[in-house]
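Working notes, structure below.
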Amino acid sequence: MTTVGIPGGRDVTATLDRPGSDAIVVACPPHPQYGGKRSDTRLNAVSDALAPDVGCLRFDYGAWDEGRGERVDAENALAWAGERADAVGLFGYSFGAAVALCAAAEHDTAADPVALSVLAPPAGVTDYLDATAALDAIDCPVQVVVGERDDTVDWEPVVDRATELGQAVERLPADHHFVGQSGRVGETVGPFLRGHL
């Protein structure tokens, strides 16, 4: 595990699990104003599921910027990983799922292929983070994982659009926080990302 700074003009610190790996998954944490950090248990579960040969770059967002800066943070982390690995994946949970979807929509997946998995994605957070619309601009394998009892965010439009586009959708018997189910999250997300990197 190594601590790194992500360049790009904002104060973004990350932890890289398993440095030197040929593949890296960038993990976007939940909402920073509600305690979302790179140490989130769901991000750690995915990182653990990627071991031993896929690295995981878990980062903290810079200063709150209503979704704009947080999206840029993810784009910069994705670029950083792409410069250091042969294959790159992207994962996000909750607010981080919307950030990951929007970052992937801006990424040139034809030139630099990516695999993407999102957990409990809200349909829209701000004008800068419209997760549902972002799906239409993504040209890479996508997995959407939701908790069937999640009444915290409006995830149905994301699932509906992902289904229409033929992307993978997984439903787990959980609420938004996946309490006590971090292992199951890792078991669902890890193989999908590993299989596409």
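The values are calculated or read from the model by the stated rules, or taken from the named source; none is laboratory data. Values in this document were obtained by computation on a predicted structure and should not be read as measured data. No Cβ is skipped: glycine too gets one built from the backbone with ideal geometry, and neighbour counts run over all protein chains shown. Accessible surface is based on the protein model in full, side chains and every heavy atom, while ligands, DNA and RNA are left aside. Shrake-Rupley method; radii C 1.70, N 1.55, O 1.52, S 1.80 Å.
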Would you mind pulling out the separation of the Cα centroids of the stretch 126-189 and the stretch 1-68, in Å? 19 Å
Less than 10 Å Cβ to Cβ from Val189, Lys/Arg counted +1 and Asp/Glu -1: what total charge do the surrounding residues give? +1
Please report, in whole Å³, the volume per residue of the convex hull around the C-alpha atoms of the stretch 115-190. 84 Å³
Amide H partners (placed H, <5 Å) of Gly89, local residues excluded: Ile24, Val25, Val26, Ala115
What accessible area per residue, rounded to a whole number of Å², is obtained for the chain using a probe radius of 1.4 Å? 41 Å²
With each pseudo-label sitting 7 Å past Cα toward Cβ, what's the Asp151-Glu187 distance in nm, one decimal? 2.7 nm
Local electrostatic count at Val54 - Lys and Arg +1, Asp and Glu -1, tallied over other residues with Cβ under 12 Å: -3
Area accessible to solvent at Arg171, 1.4 Å probe radius, in Å²: 120 Å²
How much length is gained if the chain between Asp112 and Thr126 is pulled fully straight, taking 0.36 nm per residue apart and subtracting their Cα-Cα distance, in nm to one decimal? 2.3 nm
Tell me what the chain gives for mean residue ellipticity at 222 nm when only DSSP H runs of n ≥ 4 count, each as -39,500 (n - 2.57), the sum divided by the residue total, rounded to 500 deg cm²/dmol. -10500 deg cm²/dmol
Taking every DSSP bridge whose two residues both lie in the chain, the antiparallel percent to the nearest 5 is 30 percent
Can you tally the net charge around Arg10? Count Lys and Arg as +1, Asp and Glu as -1, for every other residue whose Cβ sits under 10 Å from the Cβ of Arg10. -4
Give a quick list of GluC sites (Glu not before Pro) in the stretch 27-134 that DSSP marks as loop, anything other than H, G, I, E or B, with at most 15 other Cβ atoms within 10 Å. Glu66
Rel. contact order, % - alpha carbon contacts under 8 angstrom, at least six apart, the chain: 20 percent
Please report, as a whole percent, how much of the solvent-accessible surface of the chain comes from carbon and sulfur atoms (probe radius 1.4 Å). 45 percent
Where in the stretch 3-46 is the amide nitrogen less than 12 Å from a point lying 7 Å along the Cα-to-Cβ axis of Asp86? 21-24
Output ordering of 155-165, 132-142 (per-residue mean of other Cβ within 10 Å, highest first) is 132-142, 155-165
Length added when fully stretched, Thr13-Thr163, from 0.36 nm per residue minus Cα-Cα: 50.5 nm
